[in-house]
Amino acid sequence: MSIQTLGFIGFGNLAKTLHHGFKDTLFKHNIRLLINSRSTPEDTSDLPDYVSKNTVLADSDVIVIAVKPQQLSSIMPELTAINWTNKCLVSLLAGVSLTTFKQTLPGLTHAFRVMPNTAAQFKQSMTTYSCLETTHSDYEMFITSLFSSLGSIVKIDESSMDFSTALCGSGPAFLFQLFQDMIELAEAEGFSTQQARLMINQIVTGVADSLNNRSESIPTLIKEICSPKGTTEAGLDSYQTNKLSDIWKTVFQTAKNRSEELSKNF
Ligand SMILES: NC(=O)c1ccc[n+]([C@@H]2O[C@H](COP(=O)([O-])OP(=O)(O)OC[C@H]3O[C@@H](n4cnc5c(N)ncnc54)[C@H](OP(=O)(O)O)[C@@H]3O)[C@@H](O)[C@H]2O)c1
């Protein structure tokens, strides 16, 4: 299956980030890019073709839908007007199932639901995807290679998409909130905001490097930091007494429930 043209419908924050990451791969494989968005920037000198929606739909082999979920209905008339049999749809929309697209788009056979996260801007996205069973493996190779250029990519069952949205999509925000709490605590202890931020940045970098470079289990890494009746043990006792593990799990579960609720709108 030859993929010559990649089209975007909607070119906002996420699409721009993806485009930035994909550029080299597209260039290497000589793949043309077509973009349609509601508004066209005044200066498109460093951007490839901005064209009409109908041109994107007619001329692209792979079409990435990158509008907001609530904007989907505004592009549906054009999406339903073409035959999708020999095209591939890539939906980035949170909460819209592939079944919804399959039931609406004539002939849809090859389709992906892809969920990158905001770390895509640093090529550190944890991207999850699912696809229709009928999707041709050439498309799957293309999509996985494209999104691999933005970090890691894992295939999941679509039924796990709500949880993975909570874990990989929202998860970074929950961690940022934890870091903010740590910064506020450090400030209350007399550190400047700058010092506190530097400390958090370095702690997080060290933890990420440990996770990436050490093969031991996380409980082993925790144990290594603890000494009998020491400070870490005291903190972890408080973690347990206050049932923080349960609370953290509830945070992710609540995000998953919200994702399920939002999916019901489509
Ligand atoms: N941001 C993230 O981190 C993230 C992560 C995972 C998934 N997603 C999903 O990615 C999608 C896009 O999110 P985003 O943050 O990039 O949103 P965004 O910045 O608002 O981008 C939406 C784009 O769609 C365009 N658009 C709206 N209506 C249109 C229409 N009728 N025809 C053509 N283009 C139209 C908008 O054009 P104008 O600018 O002219 O309005 C804009 O370029 C969402 O569905 C979201 O669920 C986002």
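The values are calculated or read from the model by the stated rules, or taken from the named source; none is laboratory data. None of these values were measured; they are calculated from a predicted model. Please note: Cβ atoms are built from the backbone with ideal geometry, for glycine as well, and neighbour counts cover all protein chains shown.
Overview of values
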item	result
Inter-residue pairs, beta-carbon under 6 Å, first closer than 15 Å to L175 by Cα and in segment 186-204, second in a helix (DSSP H, G or I), 6+ apart	I200/F179; I200/M182; I200/I183
Given (1) of a type in the set (A, V, I, L, M, F, W, C); (2) away from the ligand (no atom under 13 Å from the Cβ); (3) crowded, with 21+ Cβ neighbours inside 10 Å, index of the condition M141 fails	(3)
Residues satisfying the stated conditions in segment 1-26, i.e. of a type in the set (S, T, Y) and near the ligand (Cβ under 9 Å from one of its atoms)	T17
Filter result for T99 (touching a helix residue (DSSP H, G or I) at 6+ places or on another chain (Cβ under 7 Å) and either over 18 Å from A15 (Cβ atoms) or without any contact (Cβ under 8 Å) to a residue 40 or more places away in the chain (or both))	no
Output for segment 1-20, where each listed residue is in a helix (DSSP H, G or I) and aliphatic (A, V, I, L, M)	L14, A15, L18
Matching residues, segment 126-146, being without any contact (Cβ under 8 Å) to a residue 60 or more places away in the chain and under 12 Å from L18 (Cβ atoms)	T127
Only listed residue being within 16 Å of the ligand (Cβ to nearest atom) and over 23 Å from L105 (Cα atoms), chosen from L178, L150	L150
Helices (runs of 4 or more DSSP H) contained in segment 189-266 and holding at least 3 residues surrounded by 10 or more Cβ atoms within 10 Å (Cβ to Cβ) and of a type in the set (V, I, T)	193-213, 218-225, 244-263
Scope segment 32-43; condition under 18 Å from S2 (Cα atoms) and out of contact with any Phe, Trp or Tyr (no Cβ under 9 Å at 6 or more places or on another chain); matching residues	R32
Lone qualifier among V64, V90, V56 - being within 16 Å of I156 (Cα to Cα), in the same structural domain as L146 (by TED's automatic domain parsing), aliphatic (A, V, I, L, M) and surrounded by 21 or more Cβ atoms within 10 Å (Cβ to Cβ)	V90
